[in-house]
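Everything below concerns the one structure shown next.
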Amino acid sequence: MIEILDLSTACSDVALIGILTIVKRMLSLIGTITPIVLITMSIINLVKFISNPDNKKYAKNIKNSVLAAIIVFFVPVIVNVVMRMLDDNFEISSCWNNVAKMDSNARYINDPDQERKPIYSDPSGYEKGKEKEKDTSGDGSGQTIEGTAQKVGDVVWDSGDVTKKSNLTSSQLIGILNSYGGNAKNLVPYASGYITAENKYNINVFFMIGLDALESGWATSSISKSCNNLGGVCESSSHPSNGCGSNSNCNFAYFSSVNNFIDYHGDFLKSSYLTPGAAYYEGTDLYSVYTEHYCPGCTSGASGIKSIADGLFGEVSSVL
């Protein structure tokens, strides 16, 4: 198994992300505006020098302005290159590089003709779900690999039953996220939290990450950055909004950390969607869980979750 460096959770600090975002924007502005100003001054001095060639002061000013413009232009470039070279070896460089991938728009997936139902709707409005079919594998494990199930080594992913644990370790999950690449690396600091939630609530980690990645754009949405809310979870008495914004359905909840959200979301999915007889229970396959009550009719969203989960599972062999 490959030894993977476990990153600090410093990137979950909203204040740090805000500071780094401001610094990057300032460097970008300085690298763009300052050279233009200095070049303009050089042109003015050049015109003056042509009009009065005996005045050596203008020639010196031109030389200084051009030199300063070159230096200022390359400072942001040098900083970005150094941060890329350091990358995940230092937590500050990792956060710096991830900030570049973030945007301020939430990416909630909804069918255009479907209204997203709040996940904290009144349970009395729904009929009780049917009892989950009993395991027929013969050994009571519930881990039979058949139908939609996939397995590499001991690692399992089954879109037909998201309550089958993946059996991943946090180090393996970190390796998978890094191998998957792109914005998936944004979730590396929370690998341990996801594995803890999987073992605590018996929810497959590929499903949990697929759901959170879809809802938050891989932790780039505004509420994921400012409120640690990766799933568009609505406010409750234990997690008020605290100014986290809203959509047409509800005010979004604030969480003290991303790991706090992961634990809370896992608990909610388990108790409300994945337990026989629960308010929103319709079975344990991905499409039933997501399209019946979580996001009614959002089949494209469910397909998106499955695509992400399948893609992550496709990287398993690279870390075993």
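Does Phe252 satisfy the condition of being within 19 Å of the chain's Cα centre (by Cα), at pLDDT 95 or above and surrounded by 24 or more Cβ atoms within 10 Å (Cβ to Cβ)? For Phe252, the condition - within 19 Å of the chain's Cα centre (by Cα), at pLDDT 95 or above and surrounded by 24 or more Cβ atoms within 10 Å (Cβ to Cβ) - is not met. Within the bounds of segment 251-260, is there any residue that is touching a residue at least 40 places away in the same chain (Cβ under 8 Å), part of a helix (DSSP H, G or I) and among the hydrophobic types (A, V, I, L, M, F, W, C)? Yes, segment 251-260 has at least one match.
Residue-wise test of (1) under 21 Å from Lys200 (Cβ atoms); (2) more than 16 Å from the chain's Cα centre (by Cα); (3) surrounded by fewer than 19 Cβ atoms within 10 Å (Cβ to Cβ).
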residue: Leu230; (1), (2), (3): yes, no, no
residue: Cys234; (1), (2), (3): no, yes, no
residue: Ser246; (1), (2), (3): no, yes, yes
residue: Tyr281; (1), (2), (3): yes, yes, no
residue: Ser307; (1), (2), (3): no, no, yes
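The single condition from (1) among the hydroxyl-bearing types (Ser, Thr, Tyr); (2) under 16 Å from Val316 (Cβ atoms); (3) buried (at least 20 other Cβ atoms within 10 Å of the Cβ); (4) within 17 Å of the chain's Cα centre (by Cα) that Ser216 fails is (2).
The values are calculated or read from the model by the stated rules, or taken from the named source; none is laboratory data. Just so you know, these numbers come straight off a predicted model, no measurement behind them. Every residue, glycine as well, gets a Cβ built from its backbone with ideal geometry; the counts of neighbours run over all protein chains shown.
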